[in-house]
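The values are calculated or read from the model by the stated rules, or taken from the named source; none is laboratory data. It should be emphasised that the depicted structure is a prediction, and the values quoted were computed from it without experimental measurement. We place every Cβ from the backbone using ideal geometry, glycine too, and count neighbours over all the protein chains shown. Heads up: the accessible areas ignore ligands, DNA and RNA and are worked out on the full protein's heavy atoms, side chains in. Shrake-Rupley method; radii C 1.70, N 1.55, O 1.52, S 1.80 Å.
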Amino acid sequence: MTIDDKTPFPVPNSTVSFWRAQPDKLDDHRSTEGLPSECDIVIVGAGYAGASVAYHLLDNNPAPPSIVILEARQACSGATGRNGGHLKPSLYASMGNMSAKYGLEAAVELAEFEKAHLHSIKDLVEKENIDCDFQLTRAFDVFLSRTQSEKVKNDIEALRMAGVLLPDVQYTPESKAENVCGVKNAKGCTSFTAGSIWPYRLIIHLLRIALSRGVNLQTHTPVSKISETPDPFTNRWTVTTSSRGSIKAKKVIFATNAYTSALLPQYKGKIVPVRGICSRIVTPENKLSPYLPNTYSLRWSPTIYDYLIPRPDGSIVVGGARADYLSDLSNWYNVIDDSKLIEPAKDYFDGYMQRHFHGWEDSGAYTDRVWTGVMGYSSDYLPHVGCVPGKPELYIIAGFTGHGMPQVFLSAKGISKMIRENRPFKETGVPRLYETSEARLKSTENAILAAVEGGTLKAQL
Ligand SMILES: Cc1cc2nc3c(=O)[nH]c(=O)nc-3n(C[C@H](O)[C@H](O)[C@H](O)COP(=O)(O)OP(=O)(O)OC[C@H]3O[C@@H](n4cnc5c(N)ncnc54)[C@H](O)[C@@H]3O)c2cc1C
């Protein structure tokens, strides 16, 4: 498929997130003036997924493959460079739905995999000495609706009865919730271990490591087409860029998230671009605001919620604002334009801390920056990881449904096991439900729209 105005390719002039306000030297990096004519592996996309796959392919590898990373815009300029920085495993929130649909064991596997990311990322940051403001903390899920709070309490009890003990999850009822979490009108809350991070810095660091191990990174190089060469035994695939020629490669990895269906049309409707909005709130220097030691999600309903991380510099990054725009699909569903804000939600974050947090009323906190980004929502809410069905040596790692921070890094490790050790998907440690498959591509389910229309979305951030 070639570029036209109906396919989801990254747009120019994206809004500038707080994370990307001072771009790194690698932002516009090109390792060589022209593209190499061939390589072992092309990775399309230099976000969290692309950089993580490169990391795992080369970590401790005495016989490293030659790798070229092709990125349409700047390095880490997609969802990863514009997200909420919240590394929060979904321990019970989606478990009820997933368990009803796929069985308890598969649902527990999902939660355990997400939880494992907390320590994997902590270990990575320590091992590679990455300056990315990583903090291991606790997250509060705060329920502003009594019905939802009761439901969560019952869900957690049911899971415990079924043997899923969730030792790290604490539920606080309405009588104590405001005191414990500091959020006005809280009708209940849970807390559990989570993390916060500067995602752009993490990924730029991983890309820097990749370059030091011989990777050729080419930014501002959109891929327009992948085609099979006549010679499947050497370089099976030709990767064509929109203006810089083509590369022949043995294997191609699609780390293209929201934009995947532009290159792999079989994923159209299966990974849908969904636009989101995020902000940074700061307190004036002459004012005091209470220190927040935890991250938060404020939930008014299963579909309407915000997510928030306090930063070491005292600022707050808040995303969501769904209450202001979700009812009109043209604001967000199948929307790839992150060069504009979501108009109905652009002022949502003004006065946010004063409205919702005790002690912030006189803080003078104000919105310093607002930006948008495009997530790749999967139509069944599960990422697509593994071999592209029917396409030998093509791999996908995409569709993280606005929740990639606790899902991508170990999925990338799984892809690297498939390639480095020739392991089948089931031996990668990646949850079975993540495996991309013909059956998933054929399914007509659209959980994204069903969630909004039926109010059954299990918010995950
Ligand atoms: C506003 C917002 C807030 C979010 N908040 C959180 C959060 O707090 N916690 C959380 O867990 N998740 C959050 N997410 C989701 C999270 O950011 C993603 O799940 C994760 O970053 C996905 O990483 P990725 O590498 O798959 O995608 P991306 O970072 O989008 O990377 C894909 C890359 O592929 C490139 N690309 C695409 N097509 C082509 C092509 N044809 N040629 C060349 N390059 C191409 C893109 O330019 C892009 O750089 C948020 C997302 C957004 C947008």
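Observations on the structure shown:
- Computed magnitude of the charge dipole of the chain (debye, nearest 20; Cβ of K, R +1, Cβ of D, E -1): 480 debye
- Both radii are taken from the alpha-carbon atoms of the chain; with Rh as the Kirkwood radius, Rg/Rh is 0.96.
- Unit charges on C-beta of K, R, D, E only; dipole of the range 197-339, Debye: 600 debye
- Entries of K122/K151; K270/K442; K248/K391; K251/K413 with Cα pairs more than 21 Å apart: K122/K151
- Anisotropy class of the range 1-143 from Cα gyration tensor, a/c 1.5 cut: prolate
- Farthest toward the positive end of the dipole of the chain, out of L91, I197, S330, is the Cα of L91, where the dipole comes from beta carbon charges about the Cα centre.
- The E343 and D368 beta-carbon pair, evaluated with R₀ = 22 Å, returns a calculated FRET efficiency of approximately 0.65.
- Proximal aspartates and glutamates to K417, defined as alpha-carbon separation beneath 17 angstrom and excluding residues fewer than eight positions away on the same chain: D40, D59, E393, E427, E435
- Beta bridges per DSSP with both ends in the chain, % antiparallel, nearest 5: 70 percent
- Per-pair calculated FRET efficiency, R0 = 35 Å: H119 and E421 via Cβ, rounded to 0.05: 0.95
- Contour excess over end-to-end distance, with Cα ends at L166 and S66 and 0.36 nm allotted per residue: 31.7 nm
- Computed across the range 155-268, the Kirkwood radius stands at 19.6 Å (inverse of mean 1/r, all Cα pairs).
- The Cα center of the range 314-328 and the Cα center of the range 407-445 differ in position by 31 Å.
- With the simple spin-label model, which puts each label point 7 Å out from Cα in the Cβ direction, the Q22 to S301 separation comes to 4.2 nm.
- Normalising the average separation of contacting C-alpha pairs (under 8 angstrom, six or more residues apart) by the number of residues puts the relative contact order of the chain at 23 percent.
- Portion, in percent, of the accessible area of the range 142-249 that falls on carbon or sulfur, probe 1.4 Å: 52 percent
- Additional length obtainable on full extension of the chain from N179 to E361, 0.36 nm per residue less Cα span: 63.9 nm
- Highest-first arrangement of 156-166, 16-26, where packing means the average Cβ count within 10 Å: 16-26, 156-166
- Across the range 325-461, Cα-Cα pairs more than 23 Å apart make up 51 percent of the total.
- For the range 109-162: rounded, prolate or oblate by the Cα gyration tensor [a/c cutoff 1.5]: oblate
- In this simple spin-label approximation, K287 and N129 carry label points 7 Å from Cα along the Cα→Cβ vector, and these lie 4.0 nm apart.
- Restricted to Cα atoms, the range 320-387 shows a radius of gyration and a Dmax of 15.8, 54 angstrom.
- By the rule of a C-alpha distance below 16 Å, with chain neighbours fewer than 8 residues away ignored, the lysines paired with K176 are K153, K184, K187.
- Here the label points at E33 and L211, each 7 Å from Cα along the C-beta direction, are separated by 1.9 nm in the simple model.
- Spatial separation of Cα centroids for the range 89-165 and the range 188-250, in angstrom: 28 Å
- Helix runs (DSSP H) in the chain reaching 27 Å along axis by Cα, Kyte-Doolittle at least -0.5: 104-128
- The range 241-399 - accessible surface per residue (Å², probe 1.4 Å): 35 Å²
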